[in-house]
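Novice: If you scroll down you'll find the structure; I have some questions about it.
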Amino acid sequence: MRSLPSVTTAELTMALQQLLNAHQARVVRGTSNELAYQPVRGDVALALSALEKDEMLVYRLVEAAQREGIWAKTLKTKANLSRTFPKVIKHLETKKLVKCFKSITSKYKKIYIIYDLGASRPFPFTLLVSHNPAQSRPTTIVEAFGMTASSSSTRASSRLSRR
């Protein structure tokens, strides 16, 4: 760790705590499992500071899932929000903090990931797009993140576009 001239540990700790409280930084684990601070984009920090308690809980659960995402049912169970879950998740989606992917095989299965992240691997899910009449067909997760499509994902995309 580099030392900062004329800054005491107490001042540094207080400054970092203020950044964490304002959602302008987050604590992450580094490559060798050490704790580090990561800056948060300004627009995301502003949106996070306006969230309510339930919304922040859901956001943190989705954030903890990282690039793997989290099933809606698991999210609802972990957050213990049965009745208010649709309202909470809809608010997070409109603020562009999380995005939803819908399974091609089952119309009721949805997975959520942080809006800025790409998926860790191609899987047969479709990005739920807003009701935009200009878009002729839904965007697949492979197209959304510019990944190379595997043959199974390509077949799933072509099945979807024929519907």
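Just so it is clear, none of the values below were taken in a lab; they were calculated from the coordinates. None of the values given here were measured: they were computed from a predicted structure. Every residue, glycine as well, gets a Cβ built from its backbone with ideal geometry; the counts of neighbours run over all protein chains shown.
Novice: Just want the ordering: V44, V7, from fewest to most Cβ atoms lying within 10 Å of their own Cβ.
Specialist: Going from sparsest to densest Cβ surroundings: V7, V44.
Novice: Provide, for the stretch 20-96, the number of lysine pairs with alpha carbons under 18 Å apart, each pair being eight or more places apart or on different chains.
Specialist: Close lysine pairs found across the stretch 20-96: 14.
Novice: Using label points projected 7 Å from each Cα along Cα→Cβ, tell me how many nm separate T13 and S106, to one decimal.
Specialist: 4.8 nm
Novice: Sticking with this one: Taking the mean number of other Cβ atoms within 10 Å as a proxy for protection, how do you rank 111-117, 73-79, 9-15, 24-30 from highest to lowest?
Specialist: Final packing ranking: 111-117, 73-79, 24-30, 9-15.
Novice: Something else about it: Between Q66 and S49, what is 0.36 nm times their sequence separation minus the Cα-Cα distance? Round to one decimal in nm.
Specialist: 4.1 nm is the gain from fully extending Q66 to S49.
Novice: In which sequence would T31, T8 go, from the one with the fewest C-beta neighbours within 10 Å to the one with the most?
Specialist: The most exposed by this proxy come first: T31, T8.
Novice: Let me ask another. For E34, E68, E93, what's the fewest-to-most ordering of other Cβ within 10 Å of each Cβ?
Specialist: By the 10 Å Cβ count, ascending: E34, E68, E93.
Novice: List the relative contact order of the stretch 1-111 as a percent without decimals, with contacts defined as Cα pairs under 8 Å and 6+ residues apart.
Specialist: Here the relative contact order equals 17 percent.
Novice: Report the calculated FRET efficiency for R83 and L20 (r = Cβ-Cβ distance, R0 = 25 Å), to the nearest 0.05.
Specialist: Efficiency for this residue pair is about 0.20.
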